[in-house]
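The values are calculated or read from the model by the stated rules, or taken from the named source; none is laboratory data. All of these numbers come straight from a predicted model, not from anything done at the bench. Neighbour counts run over all protein chains shown; Cβ positions are idealised from the backbone, glycine included.
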Amino acid sequence: MNKYDAVVIGAGNGGLVAAIRLLQSGAKVLLVERHNLPGGFATSFRRGRFEFEASLHELNDFGKDGGDVRDLFDSLGVTNKIEWTSIPEAYHVICPNEKLDATMPFGIKAFIDKMEEYVPGSRKSMERFFALASEIREAQAYTNAQNGNVDSSYMVKHFGNYVRTGSYSVKEVLETLKMPKKAQDILSAYWCYLGAKLSDMSFTHYASMVIRYIDRGVMMPKGRSHEISLAMADRIYELGGEIWFNTGAKKILTGKEGAVCGVLLDDGRTIETKHVVADIEPTVVYGRMMDNVPEKIVKATNARKLAGRGFSIFLGLNKSPDELGIESHNYFLYDTSDSDKQYELMKGLDNAAQATVCLNRAYPDCSPKGTTIMYFTTLYMDDAWGKVKPEDYYKTKEDVARRLIERFEEYTGAHLMGNIEQISIATPMTYARYGGHPEGGIYGYESKYDDGLTARLLMMKDDKMTKGLRFCGGSAMRLSGYSSAYFSGDISGRQTAGDIKRGE
Ligand SMILES: Cc1cc2nc3c(=O)[nH]c(=O)nc-3n(C[C@H](O)[C@H](O)[C@H](O)COP(=O)(O)OP(=O)(O)OC[C@H]3O[C@@H](n4cnc5c(N)ncnc54)[C@H](O)[C@@H]3O)c2cc1C
């Protein structure tokens with residue numbers, strides 16, 4: 001009875017897509033999820049009269065009339081199961097220490113024009129940036145379609161600039177493009193979404209993310225990200241797949257020559273399968289879920305650096321955004337626009353840098369009339385929370401939350417304190433417990449120079465170190481974020497379907 005062509009472990013964004021792809025290929029698939037809901041981070045929760053989004057600020061590359069994520073959703077058969085709303089502007093970045101306060105629009109032309117208004121003389125370098133980002137996006141589409149088996153001479157011929165910039169950092173390439181400093185600062189506002197400093201962050205990754213945000217605009221499901229997760233679960237059932245909720249996988253079992261032969265569940269049942277797609281960090285899989293892991297794999301896994309640990313505040317406020325003085329949908333607030341310095345500051349608990357969203361500015365009816373919902377997120381670039389003593393935990397949590405809210409009030413002039421009806425706070429401990437992420441990391445492994453997007457895409461074959469086991473999700477080859485996790489599920493699902501067809 002308990003025999004499947006493939007078992008997907010974890011119903012996060014990556015796992016849901018991998019399961020659909022496998023089912024579309026005709027495979028018999030079981031998806032096991034420890035929680036009683038699908039989605040992982042892609043979910044929502046209620047407090048009083050408010051429904052909070054748990055993570056998504058906006059879904060990039062999903063415009064009204066196109067985008068790679070929209071194409072992916074179309075091919076999965078989920079786009080029309082979801083009610084979408086548009087996001088009004090790209091972002092509002094504020095850094096008072098450097099007199100930086102800029103609100104940037106969607107659309108490449110509008111973005112370049114606006115930048116020229118803020119930074120006269122920036123146009124040429126911005127045009128070159130977007131031309132390069134566009135080539136990177138095309139090169140990635142080619143790499144995806146080839147499942148990582150790329151022809152290097154084809155790459156050099158068709159995507160020469162992609163290959164040329166592949167091993168450089170954001171900082172190096174923006175300098176080479178002779179982009180004025182202030183334009184670099186405004187353009188770099190999204191850096192905290194990837195959580196590596198710009199001197200160490202792969203340019204390819206950053207540029208491909210920026211163009212995916214700016215080019216076609218972005219959208220948000222009205223029912224929060226949970227609506228996407230439910231639509232995907234629904235699609236799995238339509239395709240004849242099974243999802244076992246409240247079911248954790250304890251061990252991935254291996255047999256002859258170390259190949260996968262089954263999955264042991266927390267409740268003691270064993271599932272027979274030759275193929276597993278894990279929506280879990282390799283650190284956890286090789287560290288806790290497999291026996292006799294070869295030293296080479298342990299070393300390769302430990303060589304990676306965990307990305308930022310998350311801290312979020314969710315506020316339900318009893319006044320409208322206008323009454324509170326909130327102008328924009330998506331804010332980035334920094335102490336300094338020098339990401340190297342900001343990264344260092346984000347190692348400590350005093351950190352109040354933040355990406356903060358007011359969903360009402362995109363979707364006014366997301367909360368009862370005359371009220372507002374907001375969510376604030378910051379990252380820790382070190383395990384600062386691991387050093388907090390248990391007896392200090394609650395006070396520390398409240399102190400950090402207060403600092404983030406006060407920072408928002410100070411930088412934007414909004415009035416939040418005194419109008420808070422509901423508050424919920426998530427620390428790295430919450431994320432470690434909720435999703436099983438080491439140290440409460442919310443972005444997988446850091447998008448570094450030597451472990452950035454290009455390296456991971458080109459290393460896809462080498463990264464498959466155990467026969468029958470592939471990874472997807474925020475720690476896999478497309479790195480972290482919603483669209484990346486969906487794409488990794490697409491790649492690993494299709495690759496596993498190929499393995500099954502070839503009888504591997
Ligand atoms: C506060 C916050 C804000 C964010 N903002 C954005 C944003 O605006 N834009 C963006 O693109 N990204 C954002 N992200 C990142 C994004 O949410 C993640 O990159 C993405 O959701 C990761 O998907 P995943 O496939 O890795 O699954 P995860 O969400 O990590 O889910 C993994 C699932 O596996 C399950 N699981 C784990 N172990 C087992 C086991 N042993 N057995 C069974 N099930 C198991 C877990 O219960 C979970 O459901 C944010 C994240 C957070 C937390």
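What about Lys274, is it modelled with pLDDT of 95 or more and in the same structural domain as Met346 (by TED's automatic domain parsing)?
Numbers: modelled with pLDDT of 95 or more: yes; in the same structural domain as Met346 (by TED's automatic domain parsing): no.
So Lys274 fails the test.
Considering only residues that are within 15 Å of Ala355 (Cα to Cα) and either within 16 Å of the ligand (Cβ to nearest atom) or in contact with a helix residue (DSSP H, G or I) (Cβ under 6 Å, 6 or more places away or on another chain) (or both), which ones fall in segment 392-404?
Val400, Ala401, Leu404 - these are the residues of segment 392-404 that are within 15 Å of Ala355 (Cα to Cα) and either within 16 Å of the ligand (Cβ to nearest atom) or in contact with a helix residue (DSSP H, G or I) (Cβ under 6 Å, 6 or more places away or on another chain) (or both).
Pairs only if they're at least six apart or on different chains, beta carbon under 8 angstrom, first in segment 118-133 and over 19 Å from Tyr162 (Cβ atoms), second hydrophobic (A, V, I, L, M, F, W, C) and assigned to a loop (DSSP other than H, G, I, E, B); list them, first residue then second.
The qualifying pairs are Ser122/Met179.
Are any of the residues in segment 302-315 in contact with a Ser or Thr (Cβ under 7 Å, 6 or more places away or on another chain) and away from the ligand (no atom under 16 Å from the Cβ)?
Scanning segment 302-315, I find no residue that is in contact with a Ser or Thr (Cβ under 7 Å, 6 or more places away or on another chain) and away from the ligand (no atom under 16 Å from the Cβ), so the answer is no.
Given the options Lys501, Lys448, Lys461, Lys467, name the one that is farther than 25 Å from Ala384 by Cα, in contact with an Asp or Glu (Cβ under 9 Å, 6 or more places away or on another chain), more than 11 Å from the ligand (Cβ to nearest atom) and not β-branched (Val, Ile, Thr). Explain how you work it out, then say what you get.
On the way: Lys501 fails: in contact with an Asp or Glu (Cβ under 9 Å, 6 or more places away or on another chain); Lys448 fails: farther than 25 Å from Ala384 by Cα; Lys461 fails: in contact with an Asp or Glu (Cβ under 9 Å, 6 or more places away or on another chain).
One residue alone meets the criteria, Lys467.
Taking the options Lys369, Lys389, name whichever one is of a type outside the set (A, V, I, L, M, F, W, C) and over 29 Å from Thr103 (Cα atoms).
Working: Lys369 fails: over 29 Å from Thr103 (Cα atoms).
Answer to the check: Lys389.
Being within 12 Å of the ligand (Cβ to nearest atom), out of contact with any Pro (no Cβ under 9 Å at 6 or more places or on another chain) and at negative phi is the filter here, so list the residues in segment 220-255 that pass it.
Within segment 220-255, Met220, Ser225, Trp244, Thr247, Gly248, Ala249, Lys250, Lys251, Ile252 meet the criteria.
What are the pairs, 6+ residues apart or on separate chains, where a residue within segment 475-487 that is in contact (Cβ under 8 Å) with a residue 24 or more places away in the chain and of a type in the set (D, E, K, R) has its Cβ under 8 Å from a residue that is more than 8 Å from the ligand (Cβ to nearest atom) and not in a loop (DSSP other than H, G, I, E, B)?
Cβ pairs passing all conditions: Arg478/Leu453; Arg478/Arg456; Arg478/Leu457; Arg478/Phe487; Arg478/Ile491.
With the checklist (1) within 21 Å of Leu306 (Cβ to Cβ); (2) more than 8 Å from the ligand (Cβ to nearest atom); (3) in a helix (DSSP H, G or I); (4) not charged (D, E, K, R) in hand, flag the one item Thr496 doesn't pass.
Answer for Thr496: the failing condition is (1).
With respect to the numbered conditions (1) closer than 17 Å to Ser484 by Cβ; (2) touching a helix residue (DSSP H, G or I) at 6+ places or on another chain (Cβ under 8 Å), which one is the sole condition not fulfilled by Val218?
Looking at each condition in turn, Val218 falls short on (2).
Can you name the residue in segment 13-36 that is within 8 Å of the ligand (Cβ to nearest atom) and in contact with a strand residue (DSSP E or B) (Cβ under 6 Å, 6 or more places away or on another chain) and, of all such residues, is farthest from Gln495 (Cα to Cα)?
By that ranking, first place goes to Val32.
Taking Ala485, is it within 11 Å of the ligand (Cβ to nearest atom), modelled with pLDDT of 95 or more and assigned to a helix (DSSP H, G or I)?
Here the answer is yes, as Ala485 does meet what is asked.
Please go through segment 99-127 and pick out each residue that is touching a helix residue (DSSP H, G or I) at 6+ places or on another chain (Cβ under 7 Å) and in a helix (DSSP H, G or I).
Matches in segment 99-127: Ile108, Phe111, Ile112, Met115, Glu116, Tyr118, Arg123, Ser125, Met126, Glu127.
Of all residues in segment 55-74, which are within 14 Å of the chain's Cα centre (by Cα) and small (Gly, Ala, Ser)? So that I can check it myself, show each step before the final result.
Residues of segment 55-74 within 14 Å of the chain's Cα centre (by Cα): 55-61, 69.
If the condition is that a residue be within 14 Å of the chain's Cα centre (by Cα) and small (Gly, Ala, Ser), then Ser55 is the only one that fits.
In this structure, is Leu72 more than 11 Å from the ligand (Cβ to nearest atom) and either without any contact (Cβ under 8 Å) to a residue 40 or more places away in the chain or outside the structural domain of Gly474 (by TED's automatic domain parsing) (or both)?
No.
If I filter segment 372-391 down to residues being away from the ligand (no atom under 15 Å from the Cβ) and crowded, with 22+ Cβ neighbours inside 10 Å, which single residue comes out as nearest to Met220 (Cα to Cα)? Full working, then the answer.
The first filter runs over segment 372-391 and keeps only residues away from the ligand (no atom under 15 Å from the Cβ), leaving 372, 381-384, 386-391.
Of the ones still in play, those that are also crowded, with 22+ Cβ neighbours inside 10 Å are 372, 381.
Values: Thr372: 17, Met381: 28 Å.
Looking at residues that are away from the ligand (no atom under 15 Å from the Cβ) and crowded, with 22+ Cβ neighbours inside 10 Å, I get Thr372.
Only one residue in Gly39, Gly66 is within 16 Å of the ligand (Cβ to nearest atom) and touching a residue at least 24 places away in the same chain (Cβ under 8 Å), so which one is that?
Gly39
If Ala233 satisfies every condition in (1) touching a residue at least 40 places away in the same chain (Cβ under 8 Å); (2) farther than 19 Å from Val32 by Cβ but one, which is the exception?
Against the list (1) touching a residue at least 40 places away in the same chain (Cβ under 8 Å); (2) farther than 19 Å from Val32 by Cβ, Ala233 comes up short only on (2).
Being in contact with a Phe, Trp or Tyr (Cβ under 8 Å, 6 or more places away or on another chain) and closer than 30 Å to Asp113 by Cβ is the filter; apply it to segment 133-157 and report the residue that is surrounded by the most Cβ atoms within 10 Å (Cβ to Cβ).
Ile136
Considering each residue of segment 464-476, count those that are surrounded by fewer than 24 Cβ atoms within 10 Å (Cβ to Cβ) and closer than 17 Å to Tyr449 by Cα, and give that number.
Adding up the residues that qualify gives 0.
Do the conditions hold for Tyr334, that is, is it touching a strand residue (DSSP E or B) at 6+ places or on another chain (Cβ under 9 Å), touching a residue at least 12 places away in the same chain (Cβ under 8 Å) and within 16 Å of the ligand (Cβ to nearest atom)?
no
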